[in-house]
1. At a probe size of 1.4 Å, how large is the accessible area of A:GLU45, to the nearest 10 Å²?
2. When all alpha-carbon pairs of the range A:1-53 are counted, what percent fall beyond 12 Å?
3. Using Cα-Cα distances under 8 Å and only pairs 6 or more residues apart, what relative contact order does the range A:135-183 have, in percent?
4. Of the peptides B:53-64, B:188-199, how do they stack up when ordered by the mean number of other Cβ atoms within 10 Å, highest first?
5. Where the centre of each part is set by its Cα atoms, how far does the range A:84-112 sit from the range B:23-77, in angstrom?
6. State the answer as a single residue: which of B:VAL46, B:PHE33, B:PRO92 lies farthest towards the positive end of the charge dipole of the range B:20-122, with beta carbon charges of +1 for Lys and Arg and -1 for Asp and Glu, about the Cα centre.
7. For the range A:41-183, what is the convex hull volume of the alpha-carbon atoms per residue, in Å³?
8. Could you run the numbers on buried accessible area between B and A, total for both chains, 1.4 angstrom probe, in Å² to the nearest 100?
Amino acid sequence: MSVTGWGGPSDALGPSASGVCLRLKAAGVSDVVTVPDFVQFSVHERLQSGADGIRQIFTCTEDQAITTAAGLYLGGRRPILMVQNQGLHKGLNSLRAICIDARIPLVFLVGQFGREQENMGHSTRESRRNVVRLTEPILDACNVPYWALDDDDQLASLDHALAHTNKAGGAAAVLVGRYTTWA
Amino acid sequence: MNLMEVCGAISATRKSHAPRSVLVSTMSAMFAFDELGDRYRRIDSVPLMGGAVCLALGISLARPDIPVIAVDGDASLLMELGGMVSVASARPAWMIHFVINNAVQFNGAVNMTRPGCSPRCEFAAVASAAGYTRSLTFTSISALQAALPRLLTEPQLAMVELKIEPNAQSIGADRTQPYVPDDQFDRMRNAVPVLRTALSNDHHQSERG
């Protein structure tokens with residue numbers, strides 16, 4: 001089955017892969033540890049090309065991604081995580097141990113997988129899909145701050161999240177609400 | 001062989017042959033290293049069962065020049081068994097992944113049966129199948145002691161399964177359960193700046209030549 005067979009092509013343009021990767025590079029990010037995300041395909045592809053000199057490390061689960069990133073931080077690197085909303089939900093115990101208990105600074109780029117066309121332009125808290133709707137309340141419950149990244153006008157969200165974790169330690173999230181583009 | 005013997009052998013060989021190594025421990029091995037007084041360049045995955053292997057992976061990817069030693073628990077590793085695939089795929093240059101196989105959960109507390117005893121899960125075989133370049137199994141302390149110096153001084157990715165006897169059960173109807181102390185929840189946070197600074201100082205020393 002083709003992707004378009006699932007429900008028609010998305011007409012909502014999200015942030016560009018070049019915009020995201022260049023912003024991360026400028027901020028000194030060294031590694032992106034990931035379980036691949038449906039929302040951020042173009043960012044994965046650009047990272048894989050090596051164009052920006054940021055290493056992409058794949059793990060089997062989000063728990064492993066979080067602990068791998070923590071180890072990279074201990075060794076002096078500057079990693080971030082790239083996961084999906086359901087991956088964030090799955091990795092909550094590791095997030096609690098690594099970011100909340102141990103205060104290791106990690107930014108999570110979280111794709112809002114499953115966000116429906118009717119929800120574009122509205123709060124994801126109004127999504128009819130639990131996996132989308134529950135992401136912000138889950139982050140609130142964990143006292144993890146988050147910023148939206150729906151298009152290139154919001155690329156500064158990456159800087160805000162990185163600055164927050166540098167200053168306060170712990171986790172911060174950037175919620176990618178639309179498919180990233182190949183630009 | 002028992003837990004204190006194997007952790008004692010790893011600790012002694014670290015001191016004598018690999019003083020720059022990093023130790024990532026978890027579960028009952030963590031308490032054994034406490035008892036041995038080995039807190040040097042160490043971090044514990046606690047309370048986080050299953051976290052040790054990829055914590056070690058990340059450190060090793062950041063610092064391929066030094067040995068990173070993970071001392072995992074069998075029940076812990078089972079929680080993130082796919083972590084061995086993540087490790088093998090990332091190809092860390094110098095990571096020795098020990099797994100303490102005592103075949104129980106809550107070792108020394110109540111010694112509950114864990115999954116993978118019958119039929120038996122062979123961790124070294126799983127590691128080989130996952131892509132580790134070397135897998136070893138030890139059942140005798142003398143054989144382990146003889147192998148450790150080379151294991152900790154030659155860059156490699158290895159799984160070392162240590163089949164040991166569990167500690168004696170200490171909790172039951174005649175002995176109540178203790179509260180979990182604060183240290184169990186604080187020790188990872190406390191270790192982070194210490195280990196990060198130690199690893200950073202390595203770099204500064206090598207830059208000064």
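1. Ignoring ligands and nucleic acids, A:GLU45 comes out at about 110 Å².
2. Summing the P(r) of the range A:1-53 above 12 Å gives 69 percent of all pairs.
3. The value is 40 percent.
4. The peptides rank, most packed first, as B:53-64, B:188-199.
5. After rounding, the separation between the Cα centres reads 20 Å.
6. Result: B:PRO92.
7. Given the Cα convex hull of the range A:41-183, per-residue volume reads 109 Å³.
8. Summing both chains' loss of accessible area gives about 2000 Å².
The values are calculated or read from the model by the stated rules, or taken from the named source; none is laboratory data. Model, not experiment: these values are computed from the prediction. Cβ atoms come from the backbone with ideal geometry, glycine included; neighbour counts cover every protein chain shown. Only protein heavy atoms, including side chains, enter the accessible area calculation; ligands, DNA and RNA are left aside. Shrake-Rupley method; radii C 1.70, N 1.55, O 1.52, S 1.80 Å.
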